[in-house]
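Asker: After the structure tokens below, expect a handful of questions from me.
The values are calculated or read from the model by the stated rules, or taken from the named source; none is laboratory data. Predicted model only: the values in this text are computed from it and were never measured. Using ideal geometry, Cβ is built from the backbone for each residue, glycine included, and neighbour counts are taken over all protein chains shown.
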């Protein structure tokens, strides 16, 4: 290289490509975070409702991780085949969010006494579908009703 020859210029294409790849990676990370941020709590809720749908109230009671004051008789009065929320034959986890100033995750679940979960076009069966809100404690995945 002599004094009269200009220096080799770096193409601007590589810089634009790096910025584009960086933006795509950032977008992917944000989308994945919003998609899976409550995954463990949703999974704990799904295991609970799987046990109820299978008719295994003993396992569902264990997964609930109740306090000493919430006995099995109370649990079956709520979730048993003839309980307030029962029988649960199918369910769909609708949403999960963290309420402000709370240490629990709020999970909304549609439950139905019919298997599979009825479509909205089937008015007779879909009328019996309920939306139940449960709270899941992230530390031990115990379930409870909201206060």
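Asker: Could you grab me the full set of residues in the range 67-95 that are in a loop (DSSP other than H, G, I, E, B) and in contact (Cβ under 8 Å) with a residue 12 or more places away in the chain?
Answerer: 80, 81, 85, 86, 87, 88, 89
Every residue, every condition in (1) over 16 Å from residue 142 (Cα atoms); (2) in contact with a strand residue (DSSP E or B) (Cβ under 6 Å, 6 or more places away or on another chain); (3) buried (at least 16 other Cβ atoms within 10 Å of the Cβ), yes or no:
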| position | (1), (2), (3) |
| --- | --- |
| 67 | no, no, no |
| 71 | no, no, no |
| 86 | yes, no, yes |
| 89 | yes, no, yes |
| 94 | yes, yes, no |
| 100 | yes, no, no |
| 108 | no, yes, no |
| 120 | yes, no, no |
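Asker: Say whether the condition of being modelled with pLDDT of 90 or more and either part of a loop (DSSP other than H, G, I, E, B) or within 28 Å of residue 125 (Cα to Cα) (or both) is met by at least one residue in the range 30-40.
Answerer: yes
Asker: Sticking with this structure for a sec: Restricting to the range 107-125, name every residue that is within 13 Å of residue 89 (Cα to Cα) and either without any contact (Cβ under 8 Å) to a residue 24 or more places away in the chain or part of a loop (DSSP other than H, G, I, E, B) (or both).
Answerer: 110, 113, 114, 115, 116, 117, 118, 125
Asker: Give the range 65-79 a look and list any residue that's under 23 Å from the mean Cα position of the chain (by Cα) and closer than 19 Å to residue 114 by Cα, or say none.
Answerer: Across the range 65-79, the qualifying residues are 78, 79.
Asker: Moving on to the next point. Can you tell me which condition residue 42 does not meet? The list is (1) surrounded by 15 or more Cβ atoms within 10 Å (Cβ to Cβ); (2) in contact with a helix residue (DSSP H, G or I) (Cβ under 6 Å, 6 or more places away or on another chain), and all the others hold.
Answerer: So residue 42 meets the others, but not (2).
Asker: Here's another thing I want to ask about it. Give me the residue from the range 1-18 that is outside any loop (DSSP other than H, G, I, E, B) and loosely packed, with under 10 Cβ neighbours inside 10 Å and, out of that set, modelled with the highest pLDDT.
Answerer: 14
Asker: Please identify the pairs in which a residue from the range 131-147 that is at positive phi has its Cβ atom under 6 Å from the Cβ atom of a residue that is surrounded by 10 or more Cβ atoms within 10 Å (Cβ to Cβ) and not in a strand (DSSP E or B), counting only partners at least 6 apart or on another chain.
Answerer: Sorted first by the residue in the range 131-147, then by its partner, the pairs are 141/44.
Asker: Within the range 44-57, restricting attention to residues that are out of contact with any strand residue (DSSP E or B) (no Cβ under 7 Å at 6 or more places or on another chain) and in contact (Cβ under 8 Å) with a residue 12 or more places away in the chain, which residue is farthest from residue 105 (Cα to Cα)?
Answerer: Here the residue is 55.
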